[in-house]
Amino acid sequence: MTTELYDLYDSKGKVMRLYQELRNGEKKQLLSFTLNDTTGPCHERSVEEGSYEVNGSKIIFYTLLDRRGNADAPYGARIATYTVDENGELILLSSKIYIETERRTEAKKSAMQYLFTSPVTQSEKEALRQYVESAEKRFKGTFVFGEEARSLIKEVNEALQRKMQKRWH
């Protein structure tokens, strides 16, 4: 495992990379995970915060996506759980996401509005299905709704809080 800081154009952050050491001594990258990233000018920032916890043979990755100011950036959360198999490979066990791809004030112009008001017509239901499918592909997880979405965001915030508390001690 390594961590690297980066400062590229208008993006600054820290990424963690997990490697598997091969028999010949070389390293194979298994995963790259953003620990923090801030992109954009001072008054319009996209923010990604990440944390991870190891629980036995499982590694749980927590990600919170947020925006500051007038940034047109995603808001939401993701929890991805991996295990390491007998060959040292990472296996994804589950990944849940809740993502708002734009500000709620802009939602009335897109299918995202159906996250907040139930779709009625077949075309509205299809628009929501396409929105969810696109988010699942882009953010690599199974989309959750309602109470499950609120619980997901709460769990990610709690994990980030635990991360901060570890830094203080």
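The values are calculated or read from the model by the stated rules, or taken from the named source; none is laboratory data. Being a predicted model, the structure only gives us computed values, none of them experimental. Ideal geometry is used to build each Cβ from the backbone, glycine not excepted, and the neighbour counts take in all protein chains shown. Remember, those area values only see protein heavy atoms, side chains included, never the ligands or the DNA or RNA. Shrake-Rupley method; radii C 1.70, N 1.55, O 1.52, S 1.80 Å.
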Quick calc, the chain, dipole around Cα centre from Cβ unit charges on Lys, Arg (+) and Asp, Glu (-), nearest 20 debye, gives 260 debye
In nm, the gap between the two label points placed 7 Å beyond Cα toward Cβ at residue 109 and residue 161 is 3.6 nm
Only helices counted: for the chain, with every DSSP H run of 4 or more residues adding -39500 (n - 2.57) and the sum spread over all residues, [θ] at 222 nm is -8500 deg cm²/dmol
Rh (Kirkwood, all Cα-Cα pairs) for segment 76-169, Å, reads 15.1 Å
Sorting 164, 1, 112 on solvent-accessible surface, 1.4 Å probe, most exposed first, gives 1, 164, 112
Nearest-0.05 FRET efficiency for residue 153 and residue 130 at R0 = 22 Å, using Cβ-Cβ distance, is 0.45
Output for segment 25-108: trypsin sites (Lys or Arg not before Pro) sitting in coil per DSSP, at most 16 other Cβ within 10 Å, listed by number, reads 103
Any chymotrypsin sites (Phe, Trp or Tyr not before Pro) in segment 67-157 that lie in a DSSP loop and have at most 14 other Cβ atoms within 10 Å would be 116, 145
For residue 19 and residue 142, extending 7 Å from Cα along the Cα-Cβ vector and measuring point to point gives, in nm, a value of 3.4 nm
Within segment 116-159, DSSP-loop trypsin sites (Lys or Arg not before Pro) with at most 14 other C-beta atoms within 10 Å are 140
Plugging the Cβ-Cβ distance of residue 81 and residue 11 into 1/(1 + (r/R0)^6) at R0 = 30 Å yields, to the nearest 0.05, a FRET efficiency of 0.65
Evaluated at 25 °C and 0.890 mPa s, the Stokes-Einstein D of segment 1-146 based on the Kirkwood radius over Cα pairs, in µm²/s, stands at 143 µm²/s
For residue 122 and residue 26, extending 7 Å from Cα along the Cα-Cβ vector and measuring point to point gives, in nm, a value of 5.4 nm
